[in-house]
Structures are given as C-alpha cells and as structure tokens.
Amino acid sequence: MPFLEVAMVQVREVIRRWQAGENKTAIGRASGISRRTAGRYIEAAQSLGVAQDGEPPGEGVLAQLLQRNHAGPLPGRTGPVTVVLTGHEARLAQWLNEERLKLSRIHELLAQDGVAVSYTTLRRYVRRAGLWKQPQTTVRMSDWAAGEVAEMDFGRLGSIVDAATGKRQTIWALVIVLPYSRHQFVWPLLQQTLEESIGGLERGWRFFGGVPRRLILDNFAAAIAGPDALQPRPTRGFLEYSQERGFLIDAARVRRPKDKPHVERSIQYVRERFFKGASFRDLEDCRQQAERWCSEVAGLRVHGTTRQLPRTVFEAEERLTLQPYDGVIYDVPQWKEVAVHPDHHISFGQALYSVPSTTCPPGTKLEVRGDHGLVKLYKKGELAKVHPRRPRGGRATDPDDYPAEKTAYALRAPDRIVHRACELGPNVEVFATKLFEGPLPWAKMRQGQKLLSLGEKYSAARLDAACARALSFELVDVRRLHNILLRALDTEERPVEEATVPLGSRFARPPGAFDHRQQRLVEATA
C-alpha cells in the first residue's frame with residue numbers, strides 16, 4: 001500500500017481543529033486525511049505535551065510531528081523488513097562490491113534462498129546500510145554569457161538512399177548549440193574529416209550570423225591530435241582555422257558528457273524529431289531540410305529548461321554579441337611532413353614539387369601546407385618554397401631549384417649549356433654553338449655536359465685554347481677535344497702556313513699543284 005505523506009499545513013490544521021473541539025471524522029474530512037491518521041497525530045501531540053484546551057503547538061513540536069511523514073518505520077523502531085535482511089549484510093556486500101552483481105540479480109538470489117522482500121525495499125535497505133554507492137551529487141554551473149561559447153558534437157542519424165545513384169549512405173550530424181539562447185544548427189555529413197567538419201562550422205557561422213569566442217568540442221581525430229584533460233593538443237589544421245575565425249578551442253574531457261551538456265541531448269532530439277520518419281532525396285536535400293528545421297521548428301519550440309523560444313532569445317539578445325563573420329568560405333589547408341627526394345622534389349597530394357637544392361638538399365625534413373591554390377614548403381618554420389597547386393599526377397618544377405651543373409641536362413635545354421659555355425671563354429661558346437647546330441640539338445646534351453665538365457677539370461683557359469685549336473681544324477667533337485687536353489696539344493704553338501685558299505676549303509690545293517710542266521722541270525733539273 002503506498003505511503004501518504006502529510007504536509008505541515010495539514011498537521012497544523014489537524015491540531016487546530018482538535019483544539020477547536022471537532023471530532024476525528026470531521027478533522028480528517030477537512031484535512032484530506034483519514035480518521036485514523038488524524039487520531040495518530042492527535043495522540044502524538046498529546047504525548048508531546050499539547051493540551052486540547054491549551055496553546056497551539058510551536059515550531060519544535062510540529063517538527064517532531066512531521067517525522068511521521070517519512071516512509072517506513074519511525075525513528076528508533078525496527079521494521080519487519082530490517083529484521084528479515086539482518087544477517088545478510090556480508091553476502092550483500094560481496095555481491096555488490098566484489099562480484100559486481102546488479103541489484104535485480106541480488107533480489108533474485110535472495111528469493112531463491114527464501115528471503116522474500118520487494119525490490120524497492122531491498123534497494124532502500126542497502127542504501128541505508130551504506131552497501132550501495134549513493135548517486136553522485138553535482139552543482140549547477142553558472143550560465144554562459146551571450147555569445148561567449150558554442151558547444152559542438154557529432155551523432156549518428158541513420159541512413160538514406162541517394163535517388164541519383166541508388167547507394168545507401170550513413171548520415172552523421174554535426175550539431176552546434178549556443179548555451180545562452182539554446183539556439184542550434186544541424187549539418188548532416190558523411191565523414192568526420194577536417195574538411196567536412198570545417199565546412200559544417202562555416203555553414204553554422206553563416207546560419208548564426210557570427211562566431212562565438214569559444215568552441216567546446218569533442219575529441220574527434222580531425223581536430224584533437226592528443227586528448228588530454230589538462231593540455232589537449234589540437235591538430236595544426238584545426239588550430240589554424242580557429243586562429244582565422246577568432247575563437248578559442250576548448251576540448252571536452254574523454255567520456256565526460258557533462259563538459260558539454262547542452263549539446264549531448266540535442267543529438268537524440270535531432271534524430272527523433274527531425275531525421276526519423278522524414279524522406280530525403282540526397283545529402284544536399286537533407287542539409288537544406290535540416291537548416292529549415294532548425295530555424296522554423298527547433299528554434300520556435302518552448303525549450304524545456306529555459307521555457308523560452310530559442311530563436312526569439314537569440315535574435316533579441318545574443319546575435320549582436322557574436323564576433324562578425326565575413327561570409328568568405330574558408331579554404332581548408334592540408335599539412336604533411338615530407339622528406340626531399342634524391343631528385344630534389346617532394347610528393348604532396350600525389351603530385352611533385354621541386355625544392356631549392358642549396359637550402360634543402362635530399363633527405364631534408366619539410367612541413368608542407370597545401371590548399372586549393374598554393375603549396376607552401378617550410379623548413380623549421382621558415383618558408384622555403386611556394387608552388388601553385390597541381391592536380392594528381394602533376395608536377396611543378398622550378399629550374400633554379402636544381403644544382404647549376406644539372407639544370408640544363410634535366411631540362412634538355414641546349415641554350416643553358418651555351419650560356420654557361422660563354423662564361424668559360426669565347427672559343428668555348430663558339431664550340432658549344434656549333435655543337436648544337438642541326439635539327440636534333442637535344443641529342444647532344446651529354447656532349448654539352450661533358451664540355452662543361454672539361455672546364456671544371458682542366459680550367460677555363462686551357463679549354464678555351466683547346467676549343468680554338470679544334471675549331472681551326474673544324475673539329476667539333478667533344479671526345480677528340482678531350483684528347484687534345486689529355487695530350488696537352490692546346491699548349492703547343494701551331495706553325496703559320498701561307499694559305500692561298502679561303503678558310504673552309506679543307507681539301508683544296510694551291511693552283512701550282514695542277515701545273516705538270518713545273519713538276520717535270522724540277523725532275524729534269526734533279
């Protein structure tokens with residue numbers, strides 16, 4: 001039979017009517033209690049010294065009478081249930097603390113042993129005996145100021161079938177709640193990646209028309225690299241985004257839902273009141289319906305805690321306190337640590353980008369930041385190179401990044417070899433120019449590289465003299481030029497011959513060679 005609690009005003013009314021001369025039946029009818037209960041309070045008042053013709057009872061007497069309001073036996077008395085469970089404390093402690101049994105299972109085991117008590121009675125007994133852990137108490141935190149903070153969390157909504165492709169997709173929700181007004185925004189997505197998450201936050205700031213000063217978020221991998229209760233480590237990409245938008249990152253502790261209580265229950269609310277029972281063509285249609293639902297349904301409901309309309313409170317008190325939002329969609333960057341390849345390139349996003357060989361030789365560790373437009377390479381925080389972003393399989397190569405002696409060969413550029421040959425001497429320049437004459441100059445790139453290496457090995461002066469000697473014989477061959485240097489022919493003085501034929505007639509003879517009369521005269525004289 002349920003226990004009926006009697007209020008103080010009822011106890012006072014019972015004593016007042018008793019002292020006024022009414023009988024117990026009339027007192028019970030007027031006070032809303034039974035005749036027997038009224039009689040028990042009158043007997044208790046008399047035992048405390050209250051007379052029917054005396055003064056009304058004071059606060060102390062009423063407080064003692066109110067002790068009869070508690071369910072169960074009165075203080076100082078031992079109820080029958082206590083007597084039944086007495087002696088079982090050791091077994092109850094073992095089941096609860098050592099074997100970790102649920103109280104429902106303990107109730108079954110007691111029934112099997114013939115201890116017949118109700119589940120509620122058993123629960124009350126173990127709590128009073130200190131055998132069961134009491135519910136943890138808490139305190140109500142002070143409310144956040146308007147525009148100060150937003151709470152963010154993810155939750156699984158369900159799945160939809162894309163009308164265009166026919167594929168079933170699992171839909172998650174990114175939910176943002178402003179604790180001051182309880183206004184919220186929902187962004188359906190497929191993955192909790194950095195790009196998808198920032199994209200949802202960007203749409204949220206546009207929905208609210210501003211950015212809060214602090215964002216309390218869950219420890220998802222795209223935003224928090226190292227969960228820690230005291231010093232959480234945000235990822236480089238999300239930290240850079242928070243700096244761009246001007247809000248502070250406040251990561252909740254792992255498995256501590258009370259760190260962001262306003263958004264925790266919102267996941268279930270969005271799933272039950274928005275997603276279930278609705279139909280969506282695709283993800284984009286789901287997003288449009290979610291934004292409309294946040295504004296017209298969730299924003300205009302009477303909130304269970306504040307008893308106000310979230311959207312109305314937001315527009316009247318909180319919107320103007322948010323930080324301004326420029327509306328320009330944030331270009332989400334990607335960060336990656338790479339090493340310089342032996343070919344003076346790094347790989348990022350399945351594309352190749354050259355690195356200056358003078359400051360970043362092969363094997364150097366670099367940090368790469370890439371967005372849709374640019375790829376920036378950093379060496380120990382210092383910007384080393386900037387390239388335009390290339391698609392997958394593309395390549396961005398700056399010729400000046402190569403070592404000077406390898407640039408021309410790598411680029412198949414004869415003009416670069418001729419330009420470097422000019423620095424070694426005028427005859428070397430003429431030799432290099434003649435070397436690359438013809439329809440296929442790139443086929444002689446290796447000879448051009450060999451020509452430049454001869455200048456490093458034998459000095460520019462000797463190479464220039466050797467080229468002059470080779471050109472005098474119209475000998476444009478790098479291997480034979482090398483032989484001239486090996487035999488030191490470039491240091492010998494060439495005899496001066498009287499040339500009666502123009503240069504360029506290699507096999508021409510003087511006119512006297514064709515006069516046979518002079519030859520016979522010489523023979524006869526001899």
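Please state which one of Gly39, Gly58, Gly32 is closer than 30 Å to Thr120 by Cα, without any contact (Cβ under 8 Å) to a residue 40 or more places away in the chain and loosely packed, with under 14 Cβ neighbours inside 10 Å. Can you show your working first?
On the way: Gly39 fails: loosely packed, with under 14 Cβ neighbours inside 10 Å; Gly58 fails: closer than 30 Å to Thr120 by Cα.
Matching residue, one of Gly39, Gly58, Gly32: Gly32.
For residues that are among the charged types (D, E, K, R) and either touching a helix residue (DSSP H, G or I) at 6+ places or on another chain (Cβ under 7 Å) or in contact (Cβ under 8 Å) with a residue 24 or more places away in the chain (or both), scanning just segment 223-254, find the one that is surrounded by the most Cβ atoms within 10 Å (Cβ to Cβ).
Taking segment 223-254 and keeping what is among the charged types (D, E, K, R), we get 228, 233, 236, 240, 244-245, 250, 253.
Subsequent filtering for residues that are either touching a helix residue (DSSP H, G or I) at 6+ places or on another chain (Cβ under 7 Å) or in contact (Cβ under 8 Å) with a residue 24 or more places away in the chain (or both) retains 236, 240, 244-245, 250, 253.
Values: Arg236: 16, Glu240: 16, Glu244: 12, Arg245: 18, Asp250: 15, Arg253: 15.
Per the criteria, the residue is Arg245.
Sort out which residues of segment 279-306 are in contact with a helix residue (DSSP H, G or I) (Cβ under 7 Å, 6 or more places away or on another chain), aliphatic (A, V, I, L, M) and surrounded by fewer than 18 Cβ atoms within 10 Å (Cβ to Cβ), and write them in order of number.
Leu300
Looking at (1) under 15 Å from the mean Cα position of the chain (by Cα); (2) under 30 Å from Ala164 (Cβ atoms); (3) surrounded by fewer than 18 Cβ atoms within 10 Å (Cβ to Cβ); (4) not small (Gly, Ala, Ser), which one does Phe220 not meet, given that it meets all the others?
Status for Phe220: all satisfied but (3).
Starting from residues that are within 29 Å of Asp331 (Cβ to Cβ) and of a type in the set (Phe, Trp, Tyr), keep the ones in segment 244-280 and report whichever is nearest to the chain's Cα centre (by Cα).
It comes out as Phe247.
For segment 321-366, enumerate the residues that are assigned to a helix (DSSP H, G or I) and without any contact (Cβ under 8 Å) to a residue 60 or more places away in the chain. Walk me through how you get there before you give the answer.
Let us first name the residues in segment 321-366 that are assigned to a helix (DSSP H, G or I), namely 321.
Result: no residue meets the conditions.
Considering (1) more than 16 Å from the chain's Cα centre (by Cα); (2) crowded, with 23+ Cβ neighbours inside 10 Å, say which one Leu201 fails and leave the rest.
Among (1) more than 16 Å from the chain's Cα centre (by Cα); (2) crowded, with 23+ Cβ neighbours inside 10 Å, Leu201 violates only (1).
Which one of Val332, Val328 is among the aliphatic types (A, V, I, L, M) and touching a Phe, Trp or Tyr at 6+ places or on another chain (Cβ under 8 Å)? Give the steps one after another, and end with the answer.
Details: Val328 fails: touching a Phe, Trp or Tyr at 6+ places or on another chain (Cβ under 8 Å).
Checking each option against the conditions leaves just Val332.
For segment 371-386, does any single residue satisfy the condition of being outside any loop (DSSP other than H, G, I, E, B), without any contact (Cβ under 8 Å) to a residue 40 or more places away in the chain, aromatic (Phe, Trp, Tyr) and surrounded by 18 or more Cβ atoms within 10 Å (Cβ to Cβ)? Break it down into steps so the answer makes sense when it comes.
Kept after step one, since they are outside any loop (DSSP other than H, G, I, E, B), are these residues of segment 371-386: 374-379, 382-386.
After this cut, where a residue has to be without any contact (Cβ under 8 Å) to a residue 40 or more places away in the chain as well, the list is 374-379, 382-386.
Now drop any that are not aromatic (Phe, Trp, Tyr), which leaves 378.
Narrowing the set further to residues that are surrounded by 18 or more Cβ atoms within 10 Å (Cβ to Cβ) leaves none.
No - not one qualifying residue is present in segment 371-386.
Of everything in segment 42-55, what is assigned to a helix (DSSP H, G or I) and crowded, with 17+ Cβ neighbours inside 10 Å? Give them in sequence order.
Start the filter on segment 42-55 by keeping residues that are assigned to a helix (DSSP H, G or I), which leaves 42-47.
Within segment 42-55, Ile42, Ala44, Ala45 qualify.
Every residue, every condition in (1) touching a Lys or Arg at 6+ places or on another chain (Cβ under 7 Å); (2) modelled with pLDDT of 85 or more; (3) not assigned by TED's automatic domain parsing to the domain that holds Ala278, yes or no:
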residue: Arg140; (1), (2), (3): no, no, yes
residue: Asp143; (1), (2), (3): no, yes, yes
residue: Thr165; (1), (2), (3): no, yes, no
residue: Ala173; (1), (2), (3): no, yes, no
residue: Leu178; (1), (2), (3): no, yes, no
residue: Ser181; (1), (2), (3): no, yes, no
residue: Trp187; (1), (2), (3): yes, yes, no
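Examine segment 308-318 for a residue that is without any contact (Cβ under 8 Å) to a residue 12 or more places away in the chain and in a helix (DSSP H, G or I), and state whether such a residue exists.
yes
Taking strands (runs of 3 or more DSSP E) that do not extend beyond segment 187-290, which have at least 3 residues that are aromatic (Phe, Trp, Tyr)?
Numbers: elements: 214-217, 224-226, 248-251.
So the answer is none; nothing clears 3.
The values are calculated or read from the model by the stated rules, or taken from the named source; none is laboratory data. Computed from a predicted structure; not experimentally measured. Here Cβ is always computed from backbone atoms with ideal geometry, including for glycine, and neighbour counts include all displayed protein chains.
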